[in-house]
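Undergrad: After the structure tokens below, expect a handful of questions from me.
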Amino acid sequence: MPRIATLFFLILALHAEASPAESERIKRSFELSVEIWKDKLTIATDPVERQKLIATRPDPSLSAKELWPQIAPSLKEDWTIPYSAFFLDLSRNLTVGGADGNTGTAFIKERKRVLEVFAENHTAKPGIAPFSIALAESGDPKSLPLLEKIIAENTDEPTKGIAALGAAMLLKGLGDAPEVMKKRLTYLRQAIIMASDQNIGETSVADIVNDELYVIRFLAKGRIAPDLSGSDVAGRVIRLSELRGKTVVLLFWDAKSPETDKFIGITNQMAVKYADKPVVIVGVTPEALDRIRELQGEGSLKWNNIIDPADKLAKEYRISARPAALIIGPAGKIEYTGLPGSFAELTVDALLDGDAPKP
């Protein structure tokens with residue numbers, strides 16, 4: 001009996017020791033598969049080949065399912081911090097089908113558990129900047145209190161600065177009310193003071209803050225939308241300023257997101273709903289002209305698209321994640337920025353009723 005017990009605990013110990021290595025293997029395997037996929041997509045010129053490649057995009061849900069049992073028993077331990085951040089990245093925006101046929105958010109309980117354990121054990125520790133970035137990129141306002149806890153409790157200035165940047169980015173999704181804007185500007189100032197020379201990916205915090213300040217000055221709710229122009233699949237120039245008098249649904253999208261099919265379905269429904277209304281839906285996409293022409297021709301895309309192969313227009317509008325929607329009223333003012341879906345549609349409905357949404 002003692003020998004069996006000893007063997008049992010030895011197996012447990014080996015498993016525990018293997019968890020960091022296995023977590024790293026899962027992370028690197030997924031990152032490598034994405035790099036290879038992106039390289040293939042970059043060199044593919046044939047529209048049909050590109051579409052086949054898009055369908056083979058590495059599935060983040062599979063890696064998330066594989067990673068969770070490795071980190072779940074040890075979330076209180078420091079070694080799990082980067083892998084918890086990676087798990088949040090993997091599970092961001094993923095959906096799951098329900099028994100009733102509707103879709104819901106995937107990994108809700110697991111994500112909640114990660115945030116709870118992190119709040120209890122890790123907010124004051126060094127080296128947690130990647131976790132702050134993952135919180136910011138989640139787009140979930142529920143992550144805001146955790147970022148504010150990091151700002152309050154962590155003693156490392158760059159870490160506090162990156163958390164402040166993350167908080168400012170999350171506040172962007174809460175609207176442009178004066179109290180929200182004041183708080184957002186405060187956090188952007190802290191980010192510049194504490195972390196301007198830090199990098200997030202290949203971009204410096206200073207550059208990200210400059211983009212956020214540009215958004216506040218020119219792309220916030222109530223601002224006149226900067227003019228934008230480009231050619232559609234027929235070579236016709238679409239110019240935003242020439243659409244005054246109509247409500248414009250401006251959508252930045254590409255086919256790389258795992259939610260692309262869902263986004264297309266939602267937008268097609270909007271196109272049908274507003275077909276006889278003074279509403280114009282304009283997509284901006286870097287996808288291949290021939291492929292978009294084909295999809296529009298067969299009715300799979302029921303709205304017109306500007307082809308933006310170099311992402312020039314997306315950069316001008318400081319689009320950091322796609323899909324992204326802007327609702328622009330008949331007077332040219334921005335009335336909504338955020339994800340496509342019900343809130344965007346409610347904004348269009350309010351504008352058509354002559355009752356622009358209040359901040």
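The values are calculated or read from the model by the stated rules, or taken from the named source; none is laboratory data. This structure is a prediction, so every number in the text was calculated from the model and none was measured. Using ideal geometry, Cβ is built from the backbone for each residue, glycine included, and neighbour counts are taken over all protein chains shown.
Undergrad: Can you tell me which of (1) in contact with a helix residue (DSSP H, G or I) (Cβ under 7 Å, 6 or more places away or on another chain); (2) under 18 Å from LYS172 (Cβ atoms); (3) outside any strand (DSSP E or B); (4) of a type in the set (A, V, I, L, M, F, W, C) is the one ILE334 doesn't meet?
TA: (3)
Undergrad: Evaluate the following for PRO340: is it modelled with pLDDT under 95, buried (at least 16 other Cβ atoms within 10 Å of the Cβ), over 17 Å from the mean Cα position of the chain (by Cα) and assigned to a loop (DSSP other than H, G, I, E, B)?
TA: So PRO340 does not fit the description; no.
Undergrad: Look at ILE208 and say whether it is assigned by TED's automatic domain parsing to the domain that holds GLU335, part of a helix (DSSP H, G or I), surrounded by 17 or more Cβ atoms within 10 Å (Cβ to Cβ) and not aromatic (Phe, Trp, Tyr).
TA: When the stated conditions are applied, ILE208 does not pass them.
Undergrad: Does region 350-358 contain any residue that is in contact (Cβ under 8 Å) with a residue 60 or more places away in the chain and under 17 Å from the mean Cα position of the chain (by Cα)?
TA: no
Undergrad: Could you tell me which of the residues ALA225, ALA191, ALA195, ALA220 is among the hydrophobic types (A, V, I, L, M, F, W, C), surrounded by fewer than 19 Cβ atoms within 10 Å (Cβ to Cβ) and either over 29 Å from SER61 (Cα atoms) or out of contact with any helix residue (DSSP H, G or I) (no Cβ under 9 Å at 6 or more places or on another chain) (or both)?
TA: That would be ALA220, the only listed residue that is among the hydrophobic types (A, V, I, L, M, F, W, C), surrounded by fewer than 19 Cβ atoms within 10 Å (Cβ to Cβ) and either over 29 Å from SER61 (Cα atoms) or out of contact with any helix residue (DSSP H, G or I) (no Cβ under 9 Å at 6 or more places or on another chain) (or both).
Undergrad: Okay, next question. Yes or no: region 241-253 includes at least one residue that is within 15 Å of TYR317 (Cβ to Cβ), among the aromatic types (Phe, Trp, Tyr) and touching a residue at least 60 places away in the same chain (Cβ under 8 Å).
TA: yes
Undergrad: Looking at VAL279, VAL272, which is the one that is surrounded by fewer than 17 Cβ atoms within 10 Å (Cβ to Cβ) and either in contact (Cβ under 8 Å) with a residue 40 or more places away in the chain or of a type in the set (A, V, I, L, M) (or both)?
TA: None of the others qualify; the one that does is VAL272.
Undergrad: Looking at ALA163, ALA136, ALA167 in this structure, which one is small (Gly, Ala, Ser), surrounded by 18 or more Cβ atoms within 10 Å (Cβ to Cβ) and in contact with a Gly (Cβ under 7 Å, 6 or more places away or on another chain)?
TA: Just a single option satisfies the conditions, and that option is ALA136.
Undergrad: Has region 130-141 got any residue that is in contact with a strand residue (DSSP E or B) (Cβ under 6 Å, 6 or more places away or on another chain) and at pLDDT below 90?
TA: Scanning region 130-141 turns up at least one residue that is in contact with a strand residue (DSSP E or B) (Cβ under 6 Å, 6 or more places away or on another chain) and at pLDDT below 90.
Undergrad: Further question on the same structure: Considering region 180-205 alone, what residues qualify as being among the hydrophobic types (A, V, I, L, M, F, W, C), over 20 Å from the mean Cα position of the chain (by Cα) and at pLDDT 90 or above?
TA: Selection gives LEU185, ALA191, ILE192, ILE193, MET194, ALA195.
Undergrad: Can you give me the number of residues within region 239-265 that are outside any loop (DSSP other than H, G, I, E, B) and under 15 Å from GLY332 (Cα atoms)?
TA: Residues that pass the stated criteria total 9.
Condition check ((1) outside any loop (DSSP other than H, G, I, E, B); (2) among the aliphatic types (A, V, I, L, M); (3) closer than 24 Å to LYS221 by Cβ) across all residues:
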| residue | (1), (2), (3) |
| --- | --- |
| VAL284 | yes, yes, yes |
| GLU287 | no, no, no |
| GLU294 | yes, no, no |
| ILE306 | yes, yes, yes |
| PRO309 | no, no, no |
| ALA314 | yes, yes, yes |
| PRO330 | no, no, yes |
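Undergrad: Still on this structure: Tell me the helices (runs of 4 or more DSSP H) entirely within region 1-93 that contain at least 3 residues that are modelled with pLDDT of 80 or more and not acidic (Asp, Glu).
TA: On the way: elements: 2-43, 47-55, 60-71, 81-91.
Fully inside region 1-93 and qualifying: 2-43, 60-71, 81-91.
For (1) in contact with a helix residue (DSSP H, G or I) (Cβ under 8 Å, 6 or more places away or on another chain); (2) not assigned by TED's automatic domain parsing to the domain that holds GLY104, each residue gets a yes or a no:
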{"residue": "ASN199", "(1), (2)": "yes, no"}
{"residue": "VAL233", "(1), (2)": "yes, yes"}
{"residue": "ARG236", "(1), (2)": "no, yes"}
{"residue": "GLY245", "(1), (2)": "no, yes"}
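Undergrad: Surrounded by 21 or more Cβ atoms within 10 Å (Cβ to Cβ) and closer than 26 Å to ARG92 by Cα - does that describe any residue in region 288-296?
TA: Checked region 288-296: no residue is surrounded by 21 or more Cβ atoms within 10 Å (Cβ to Cβ) and closer than 26 Å to ARG92 by Cα.
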